[in-house]
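Below: the structure, in structure tokens.
What follows draws every value from the coordinates through simple rules; no lab data is involved. Given the structure is predicted, the values throughout are model-derived calculations rather than measurements. No Cβ is skipped: glycine too gets one built from the backbone with ideal geometry, and neighbour counts run over all protein chains shown.
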Amino acid sequence: MAKLKGDEPFSLGRVVWPAMDGLLRDLGYEVDKLGHDALGLVMDSRGSKALVNFPALRLSTWLSTDEMADVEERIAAGDEAYRALKPERFDPEAEIPIVWWVRRLLLELPVQYLLAFEVAPLSELWDESSGQLADYYEGDVETPTAYVGLGIPELKLEDWRRAESLLGSKLRFGRFLPAGLSKIEMALYLRA
């Protein structure tokens with residue numbers, strides 16, 4: 001569970017692209033053929049390495065910062081090859097990689113921690129000990145869903161409204177759960 005600290009390259013919530021000849025290749029992935037599916041989200045960082053979640057691959061792994069590129073940093077440096085990886089505008093109906101939606105939430109809301117991030121069918125994400133899923137959602141539970149757990153210090157109505165407005169039809173439903181250590185988990189379930 002990493003705490004959001006500023007917005008430095010390779011820090012929590014940054015979107016990254018893995019090296020063509022790094023660990024992902026060693027794991028059998030052809031990075032150059034993955035397109036947007038190769039985009040990852042930094043979940044934690046320590047020194048010159050980062051824990052990166054690649055939701056389309058259902059993989060989280062630690063990578064050295066020299067084995068990946070921070071997409072926004074490369075765009076700012078004028079590298080046009082990376083510009084196509086970042087959406088110009090956010091439309092809930094557009095095919096925008098889920099990592100960019102999470103990135104935007106982290107920038108727009110008073111998030112202190114990224115507690116969880118996973119993409120799978122909703123039926124796999126739901127913990128029945130939390131109650132019946134039907135109490136929260138009536139749609140198809142086998143469709144791809146992103147679960148995003150955001151640690152916030154206090155739940156304010158304006159923050160919830162901002163999240164709803166930002167996500168629009170991308171938001172399936174949200175829950176607010178106790179998360180200990182003087183924080184609340186804003187648990188969001190999004191169309192992936």
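Miscellaneous remarks
- In the set A50, A134, A69, A56, only one residue is touching a helix residue (DSSP H, G or I) at 6+ places or on another chain (Cβ under 9 Å), part of a helix (DSSP H, G or I) and either free of Cβ contacts under 8 Å to residues at least 12 places away in the same chain or small (G, A, S) (or both); that residue is A56.
- Some residue of region 78-90 being crowded, with 18+ Cβ neighbours inside 10 Å and in contact (Cβ under 8 Å) with a residue 24 or more places away in the chain: yes
- Selected residue (criterion: surrounded by the most Cβ atoms within 10 Å (Cβ to Cβ)) from residues of region 91-131 that are acidic (D, E) and in a loop (DSSP other than H, G, I, E, B): D91
- When region 139-163 is filtered for residues that are over 16 Å from L115 (Cβ atoms), surrounded by 13 or more Cβ atoms within 10 Å (Cβ to Cβ) and free of Cβ contacts under 8 Å to residues at least 40 places away in the same chain, the ones remaining, listed by number, are V141, W160.
- Here E124 passes the criteria (1) within 20 Å of L59 (Cα to Cα); (2) free of Cβ contacts under 8 Å to residues at least 60 places away in the same chain; (3) touching a Leu at 6+ places or on another chain (Cβ under 9 Å) except the one numbered (3).
- Test result for T65, of a type outside the set (K, R), in contact with a Ser or Thr (Cβ under 6 Å, 6 or more places away or on another chain), surrounded by fewer than 20 Cβ atoms within 10 Å (Cβ to Cβ) and closer than 22 Å to L23 by Cβ: yes
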